[in-house]
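Report on one structure; see the data block that follows.
The values are calculated or read from the model by the stated rules, or taken from the named source; none is laboratory data. Just so it is clear, the structure is predicted and the values come from calculations on it, not from any experiment. So basically every Cβ, Gly included, is an ideal-geometry build from the backbone, and we count neighbours across all protein chains shown. The accessibility values were calculated without ligands, DNA or RNA, using every heavy atom of the protein model including side chains. Shrake-Rupley method; radii C 1.70, N 1.55, O 1.52, S 1.80 Å.
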Amino acid sequence: MPVETVLYNARVFANGRITRGGIAIEDGKIFRIAKEINLPIAVNKVDLKGCLAIPGLVDVHVHLRGQMQAYKEDFFTGTSAAVAGGITTLLDMPNNEPVTMDSGSLKERMRDARSNILANVGFYSALPESLDEIHRVAQCGAIGFKLYLNSQIGGIGIDDDDKLLEAFKEIRELGIPIAVHAEDKEMIEKVSKIQQSLGFVDINAYLKAHTTNVETKAVRRILKIAHRSKAHIHFCHVSSDKTIFLIQKARKEGAAVSCEGTPHHLLLSSECLKNLGHISLTDPPVRTGKVMRKLWEALRNAQIDIIASDHAPHSIGEKKGDAVWNVKPGIPGLETLLPLFLTKVNEGQITLENLVRLTAQKPCEIFSLQGRGSLKEGYNADITIIDLHRQSRIDASRFYSKAKYSPFDKWSVKGIPVKTFVNGVLVMDEGKIVENAGAARILRGKALLM
Ligand code: DOR
Ligand code: ZN
Ligand code: ZN
């Protein structure tokens, strides 16, 4: 019996090395990885023309928006952007309208997503107030919980350490990670008010209100609760080496903590922020070149576990404004992450092996996405084909995302995704979306429910 699909004339990144051959796909799964003569016959044969097959990227930090915020992004445009960028699985953030914060809102979001997604999607929920609701959210299949410390989102009072400890203990029993946006609300508000009262409206004033100390204060606070609860904490978008130092220390002391870096914190500095203006405004903001280099060190020596886009699209109107205080923070990132980092591979700043670890293997390990994140027989056929030698230029006006701007617009890149397979189905080919929504799945977490 022939299998469904064979990808041939490829180089395949599997088991930490590249071998010539191909991949046979059956029932949406990788059936065999082998030299060409050992591949089975297939109904569909796809010539990869010597390109490189890597595990589809898994982006654990994406704001797909939709619902009342569909004017910024929706499930179809967001997941189109994902697969155009070689991302086959993503985790959706809960700061939506309505906020994803209980079983009802989570189910509604899953229902809306079902027939509109091109990439596999798992969901975070904000923390509900009651422990029973935490259980119900886990039962519904949330992959993670998300805690914002910079603003009150969700049911739990973010200033109440005792409540947080109680919730963290409960979530630990369920075996689900808690992702944290670590910026201290009180510190931000205090300095913002002073800056505003002095009449400052520029990015400098914003940076004063969102210092690295704002981050470390929140991280210290959460690490204490992490130690006491033993919950798995994942720190989103770490922006400073001081934070990484604290996380490393906690790890050595036995806490279950992980963290992610974003392309913007790794590739943009506050010096260029002033030239780029409001479109590159994000929380936490990008830091000095010196800090950025330290983040790269942490990335290379595996102190940063994951690269995630923090794709946070807004309408172009929301990114403009005379006063920085009126500008929505957030940068679209799904379509730029992979080309930017393949360029770094070509420049010798990061190995391909490390990039695959940071963008596929580790995300799946940390968020317990089984059967994904590597090219292995029996694993899901989520496969990104890259041309490592292709030169291109980022063109934000051609994004699938509704947010057609980027601080990386016009950047030259070398290395781009040329085909994306989701569950064995070709969804993106040479930059074009070639499939209707439907091949992708909603991923449900496997909480340890008693
Ligand atoms: O810059 C940001 N944008 N940081 C956040 O934490 C939220 C995000 C958004 O949703 O726009
Ligand atoms: Zn955040
Ligand atoms: Zn975010």
Quick numbers on the range 217-276, Rg and Dmax over C-alpha atoms in Å, give 13.5, 44
Which percent of the Cα-Cα distances in the range 282-370 go past 21 Å? 43 percent
Shape box of the range 401-444 [Cα atoms, principal axes, largest first, Å]: 34, 21, 19
May I ask for the Kirkwood hydrodynamic radius of the range 107-210, worked out over all distinct Cα pairs and given in angstroms to one decimal? 15.8 Å
Just the number, please: Stokes-Einstein D of the range 68-168 in µm²/s, Kirkwood Rh from C-alpha pairs, 4 °C, 1.567 mPa s. 91 µm²/s
Quick one: if you take sqrt(5λ) for each eigenvalue of the C-alpha gyration tensor of the range 32-105, what semi-axes come out, biggest first, whole angstrom? 37, 13, 11
Based on the mean of other Cβ atoms within 10 Å per residue, sort peptides 161-174, 375-388, 287-300, 415-428 so the most packed one is first. 415-428, 375-388, 161-174, 287-300
Note on the range 149-243: C-alpha Rg/Rh, Kirkwood Rh, two decimals, gives 1.04
If the range 331-450 were replaced by its equivalent ellipsoid, with semi-axes equal to the square roots of 5 times the Cα gyration tensor eigenvalues, what would those be, largest first, whole Å? 26, 18, 15
Heavy-atom accessible area per residue - the chain, 1.4 Å, Å²: 40 Å²
Of all accessible surface on the chain at a 1.4 Å probe, what whole percent is carbon and sulfur? 49 percent
Looking at the P(r) of the range 202-319, how many percent of alpha-carbon pairs lie beyond 21 Å? 39 percent
So for the chain: antiparallel DSSP bridges make up what percent, rounded to the nearest 5? 50 percent
Once normalised by the length of the range 84-224, the mean sequence separation of its alpha carbon contacts under 8 Å that are 6 or more apart gives a contact order in percent of 19 percent
For the chain, which semi-axes, largest first and in whole Å, follow from the square roots of 5 times the eigenvalues of its Cα gyration tensor? 34, 25, 21
